[in-house]
Amino acid sequence: MRQSSIAAVSAEPASSNLERNAVDVLPAGMLEDQLATGRPLRVKLGIDPTTPDIHLGHTVVLEKLREFQEAGHRVVLIVGDFTARVGDPSGRSAQRPLPTPEEIEVNAATYQEQAFKVLDRDRTEVRFNSEWLRMAPEELLGLLAQTTVARLIERDDFQKRLAAGAPIAALELLYPLLQGYDSVAVEADVELGGTDQKFNLLFGRDVQSAYGQKPQSVLTMPILVGIDGVRKMSKSLGNYVGVTDEPGEMFGKTMRVPDTAMPDYYRLVLGSEPPQGMAPNEAKRALARGIVERFHDAAAARGAEEHFNRLFVERQAPEDVEEAGLGPYLGNGGETVHLPRLMSDLFGISSSEARRLIEQGGVKLDGEALPSGSLDMPQMALDGRVLQVGKRRFRRLRAAA
RNA sequence: GGGGGAGUGUCCGAGUGGUUAAAGGAGAUGCGCUGUAAACGCAUUGGCUCUGCCUACGCAGGUUCGAAUCCUGCCUCCCCCA
């Protein structure tokens, strides 16, 4: 059901460069008129710091903001430290647990830093919306008086929930009003967001009107699918590539993207057309290199690919493997090591899971699978060898001194 | 204020007294294969001092030889009427 909102990117050339890849630019013609005035526009984006990291899904909109900056406009980045405590109902079929104030504070700090991996700091104004949303109750009543319940629940997310008999928290109803008030507070000319933000963005126009401002225009960008190739990229689904992920991790996660989702990644993350006539494997490698280069650098991209080849093509252990002493795991009077306990300690898996992995041939010593039932191994047979658990977990073992 | 209904493993979701660690699906993991951590196929998927033991079906008690399934209280949520 959420799939329908993950719009495929049109390859058609847009009328304006800034409208490239956009799904909606509303109201029709307004942005063009605004641009035609030659006046620098105030372009707003709000991000609620509900999770600690920005991922590639966020960068789709950030890249678009960057283009506005390059065209001479000013970006107003709103860190939704207040709205994070309300919870954006966009695209949700149930209310999600809200982050604590402490989490919000921590996330807000990392968000700004990470956003500047894409945005030009000098042309960005960062504002926290608690600045104006922590308003007097009388003012809040004034804001609430600007709309009706019918208007608030007409959004698709709520209609679906109502039809399914799912709960809608009263708090969630407030969200579009607050986000709209952000636009009033910063006097936004344009607001950007993902397609799932369409309702909120348009609602902001009404709020601005109610406060005697000229309503903003609205531009929505496609939602990037996660590395599962199906659902929206999101931290909570675990299908994301974070902008601060290590190069090797970033490369590997990108290689995991299904071939079918590659064109979207090319267009939305790298801003280029997918290469024609290239073998899928090569095309994906080029994509992965491009992404690592974008968020780290060229050397990191090369290193990440080498690392990838080593692990997944040559099936070898990485160059530098972390060491682990066997001392704490000795049993039988210091003779043997109980592998499940060792593995559970080193890799944070349960010892039952470790046993299963051994049974299934997923545990290797210097590249050779351990026979099933290898639960206790003599310490001397392990010393100096590389223990591999699954595809990606390695440790070089050292006997106790 | 009144009436009705629901809470199951990471998630969704069967199961209404007896081989039930609990169908099925998703996700995840492992193996095989390979052009990739793609796709496809197979397998695994509560924990542990592991041929056995412990814990588990919202929480706390109770009935019973035996309960996720019955009873009581509590908590949370949903719907309808007002």
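Couple of notes before you dig in:
- Zone of A:Tyr211's modelled label, taken as backbone nitrogen in the stretch A:51-80 under 17 Å from a point 7 Å along Cα→Cβ: A:76-80
- Highest average packing first - A:131-141, A:232-242, Cβ atoms within 10 Å: A:232-242, A:131-141
- Evaluated with a Cβ-only charge set (Lys, Arg +1; Asp, Glu -1), the stretch A:328-381 carries a dipole of roughly 120 debye about its Cα centre, given to the nearest 20.
- The length gained on full extension between A:Arg39 and A:Arg256, counted as 0.36 nm times the residue separation minus their Cα-Cα distance, comes to 73.7 nm.
- Dimensionless Rg/Rh of the stretch A:194-296 - Kirkwood Rh, Rg from C-alpha atoms: 1.12
- Ranking A:Ala299, A:Val118, A:Leu397 by how far each Cα lies toward the positive end of the dipole of chain A (charges on Cβ) leaves A:Leu397 at the top.
- Straightening the chain between A:Glu187 and A:Val321 buys 42.9 nm, computed as 0.36 nm per residue apart minus the Cα-Cα spacing.
- With 5 Å bins from 0: P(r) over the stretch A:21-122, alpha-carbon pairs, percent: 2, 11, 19, 21, 18, 14, 9, 4, 1
- Counting Cα-Cα pairs of chain A in 10 Å increments starting at 0 gives whole-percent bin shares of 4, 19, 25, 21, 14, 10, 5, 1, 0.
- Here the ratio of the Cα radius of gyration of the stretch A:261-349 to 2.2 N^0.38 Å is 1.67.
- Straight Cα distances below 28 angstrom link A:Lys232 to the lysines A:Lys44, A:Lys64, A:Lys117, A:Lys160, A:Lys198, A:Lys253, A:Lys284, A:Lys391, with same-chain residues fewer than 8 positions distant left out.
- Using the rule -39500 (n - 2.57) for each DSSP H run of four or more residues, divided by the residues of chain A, the 222 nm mean residue ellipticity is -11000 deg cm²/dmol.
- Taking chain A and dividing mean pair separation by its residue count, relative contact order in percent (alpha carbons under 8 Å, at least six apart): 15
- Potential lengthening of the chain between A:Glu103 and A:Ala170 amounts to 21.8 nm, from the contour at 0.36 nm per residue minus the alpha-carbon distance.
- Sorting A:218-228, A:98-108 by average packing, meaning the other beta carbons within 10 Å per residue, from highest down gives A:218-228, A:98-108.
Read-outs throughout are calculated quantities, based only on the coordinates presented, and are distinct from any laboratory measurement. As the structure is a prediction and not an experimental result, all values here were calculated from the model. Heads up, the Cβs are rebuilt from the backbone with ideal geometry, glycines too, and the neighbour counts pull from every protein chain shown.
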